[in-house]
Amino acid sequence: MSNEVDETLSTFCGITGADQELGIEFLSAHDWNLENAVNTYMETHAAGGAGVPPSPVARRDSRPTPRAAEPPTRAPIAAKTERLVENLGPSLYQPPRQSSSVDPMRNFKKKGPDGFGALFDPPHHLLFKGSLEEAREAGKAEHKWVLVNIQSRVEFKSHQLNRDTWSDDAVQAVVGAHFIFWQHDNTSDQGQRFVTLYKVNTFPFICIIDPRTGQKMFEADDFLSATDLMDYLTAFLDNNSLSTFAPARPQNFKRARVSESSRSGSLDQMSEEDMLQQAIAASLAEDEDVPMSLDDSHPPIADVAVPSAVLPPKAHISLPDEPPAEHPDVTRIQFRLADGKRSVRRFLKTDKVELLFAFAQQSSPEVNSFDLLSAYPSRNLAEVGMEKTLSEAGVVDSMVMMKAT
């Protein structure tokens, strides 16, 4: 062994009193670390090594290490007693609260989530505030049909009607001019009475009622887009009038729940004349209970000759830039083009009718000759006058139809 190893072994044996063989065993186990070997020896052999006086180092290392002071224990939270209910009165029984008769769809003062917020608000300025009987009386006095919309708070399509359909400017213009608009939720008192009386099962529900007889003239039990509703309302108004003494004949436009793709495809493929003939055929049908499908084809009832418009030369019509939506005199005109497509553009109420022809020409350059017809009442705008303003022509916030000639 080297001198350093011998010295370490000698020191171990001198401290512990062990022989060299035992010392080599402990030092080898601790990689010849003297301090660790001595500590291990004192922990395992000092108790049984009677007669071997421990050295000062051994005594120091064999003493137990003092434990760290423990953090103080937090005192428990004091118990306290409180009453959950005060002033119960002489009896614990409380009569059930009456359900509120306020219809959130008709709560004009309330906003926020329970009132569906501004986004899903109904058109308050159009809504009739009264019973169905009062709406019918108003319709008879003003010579207007009663347009009914029964909604359901749990059906998103009801809220979608408020957001997308009733908020449309063209729809509001037609409804405000020709209908008493009566809208209620199916859980309100008035709504429940209507649902029971007219046997309504599906929501949202839209129908037109003859104010003279209370008879349903039109009904739809699904969501209708603004363009679809405009098609139905204008066709209905073209074929029914409250100025006649005899009640109008009901038209059942109740449609089956067809897919959106098939429904939009059939409408786009129909011309305006086909749609008019289809409406006339439905109004004259003998079997009023048979629903009219959107895909049904009917033979022409009559050929209605519409004078063709004499269009100014294209070079003489200059279409100005579209006015901003914030302009105080702005109006939105919805076009149904010759190919069935729809387009909406802003104009000023002081713009002339000839600008409508300019936009139609620009949107359908392949059509060389055409007429523009107002939706209701149906008029040839060229005959109304190219120099008339949109306000004078009565087409503000309305729909016009382009018909190739």
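The number of Lys pairs in region 139-234 with C-alpha atoms less than 20 Å apart, excluding pairs fewer than 8 positions apart on the same chain, is 4.
I'd like the Kirkwood hydrodynamic radius of region 315-397, using the inverse of the mean 1/r over distinct C-alpha pairs, in Å.
Across region 315-397, the inverse of the average 1/r is 13.1 Å.
Taking label positions 7 Å along the Cα-Cβ direction at both Asp31 and Glu137, the computed distance is 10.6 nm, reported to one decimal. Across the options Phe156, Met230, Phe181, the greatest Cα extent toward the positive end of the charge dipole of region 137-254 (unit charges at beta carbon of Lys, Arg, Asp, Glu) belongs to Phe181.
Please list Ile317, Ile333 from largest to smallest accessible area, probe radius 1.4 Å, with all protein chains kept in place.
Greatest to least solvent exposure: Ile317, Ile333.
The values are calculated or read from the model by the stated rules, or taken from the named source; none is laboratory data. What you are looking at is a predicted structure, and each value in this text was computed from that prediction instead of being measured. Cβ coordinates were reconstructed from backbone atoms using ideal geometry, including for glycine residues, and neighbour counts include every protein chain displayed. Ligands, DNA and RNA are stripped out before the accessible areas are found, and what is left, the full protein with its side chains, is counted by its heavy atoms. Shrake-Rupley method; radii C 1.70, N 1.55, O 1.52, S 1.80 Å.
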